[in-house]
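The values are calculated or read from the model by the stated rules, or taken from the named source; none is laboratory data. This is a predicted model, so every value here is computed, not measured. Quick reminder, even Gly has a Cβ in these numbers, built from the backbone with ideal geometry, and neighbours come from all protein chains shown.
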Amino acid sequence: MPDRDTGAPIAFIASEVDEARDALRDLTARYGNVEPEAASVIVALGGDGFMLQTLHAFMNTNKPIYGMNRGSVGFLLNEYRLDGLRERIAEGVQTAIHPLAMTARDTAGERRESFAINEVSLLRQSYQAAKLRISIDGRVRLDELICDGLLVATPAGSTAYNLSAHGPILPIYAPLLALTPISAFRPRTWRGALLPDQVSVQIDVLEADKRPVNAVADNVEFKSVESVTVAQQRNAESLILFDPDHSWDERILTEQFRY
């Protein structure tokens, strides 16, 4: 973990919600504010969606992101407090996140690419269920899955959409990906799979014209895809900071014992 000076310059950025804009004003008055290019640390103010946008924006810049919750959901964020921010940043626990690289080919033959920190999801586009074929490292593992969708989640994203779809929660350093169906109709007994994070997952859309499917990498959506390939991008990373008493590992454990 790099040394972080309590006097290091901070860049504050905020979502458009009132709570975040008010926090930006108060924090800037207390600590000053510099442009992100001149900062040692980026402080993001908003919800998890804004934090994801920030992690994407500062990928491969070696600038850690310290988020404070000023939105509706805050799993990726620390508690908001005005006092003691420099000390909290200096003591923060840093985690490197490697995104998924999604390559999608649509029905017009166009090839599209995007990164996902949380998950890549395929979702039916019409009233008809999707028909999908799943291959791992070039070998077909499931000939036909009839479902509302399918997602490939990282440990970072395992507590987000993946958890809502009844997928497993993964510890942040687990070398795994969760492959989770969404409302599977056939085979009904298939509940998904845990995959080594070095594999390549290919998902082919069967009857793509009759049963259109969209592919989504975090908040980037491509419509009417025919095939999607997903693999972890090890040479790309985003850095995130958590307070020591509220680290990501602690959040994962807490989430698993909720009832």
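Just wondering, is there one or more residues in segment 22-36 that are touching a Gly at 6+ places or on another chain (Cβ under 8 Å), touching a residue at least 24 places away in the same chain (Cβ under 8 Å) and not assigned by TED's automatic domain parsing to the domain that holds ALA215? Scanning segment 22-36 turns up no residue that is touching a Gly at 6+ places or on another chain (Cβ under 8 Å), touching a residue at least 24 places away in the same chain (Cβ under 8 Å) and not assigned by TED's automatic domain parsing to the domain that holds ALA215.
Given the criteria assigned to a strand (DSSP E or B), farther than 30 Å from ASP26 by Cβ and not hydrophobic (A, V, I, L, M, F, W, C), does SER126 qualify? The answer is no for SER126. Against the numbered list (1) outside any loop (DSSP other than H, G, I, E, B); (2) not assigned by TED's automatic domain parsing to the domain that holds VAL205, GLU113 comes up short only at (2).
Only residues that are under 17 Å from the mean Cα position of the chain (by Cα) and outside any strand (DSSP E or B) were counted across segment 217-232, and they come to 2. When TYR66, TYR80 are checked against the criterion of being within 25 Å of the chain's Cα centre (by Cα), farther than 29 Å from ALA101 by Cβ, of a type in the set (Ser, Thr, Tyr) and not in a helix (DSSP H, G or I), a single residue qualifies: TYR80. Sub-6 Å Cβ pairs linking a first residue in segment 200-225 that is in the same structural domain as ALA104 (by TED's automatic domain parsing) to a second residue that is among the aromatic types (Phe, Trp, Tyr), at least 6 apart or interchain, are ALA215/PHE222, ordered by first then second residue. Of everything in segment 77-120 that is of a type in the set (A, V, I, L, M, F, W, C) and closer than 20 Å to ASP22 by Cα, the residue that is surrounded by the fewest Cβ atoms within 10 Å (Cβ to Cβ) is LEU82. Is it the case that GLN198 is surrounded by fewer than 13 Cβ atoms within 10 Å (Cβ to Cβ) and either among the aliphatic types (A, V, I, L, M) or at pLDDT 95 or above (or both)? The answer is yes for GLN198.
Okay, residues lined up against (1) part of a loop (DSSP other than H, G, I, E, B); (2) among the polar types (S, T, N, Q); (3) modelled with pLDDT of 95 or more:
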| residue | (1), (2), (3) |
| --- | --- |
| VAL140 | no, no, yes |
| THR159 | yes, yes, no |
| TYR173 | yes, no, no |
| TRP190 | yes, no, no |
| ARG234 | yes, no, no |
| ARG251 | no, no, no |
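Out of THR159, THR107, I need the residue that is more than 26 Å from GLU237 (Cα to Cα), outside the structural domain of PRO64 (by TED's automatic domain parsing) and in contact (Cβ under 8 Å) with a residue 60 or more places away in the chain. Which one?
Working: THR159 fails: more than 26 Å from GLU237 (Cα to Cα).
None of the other options fit; the residue is THR107.
Any residue at all in segment 203-216 that is aliphatic (A, V, I, L, M), outside any strand (DSSP E or B) and either buried (at least 17 other Cβ atoms within 10 Å of the Cβ) or modelled with pLDDT under 95 (or both)? Yes: one or more hits.
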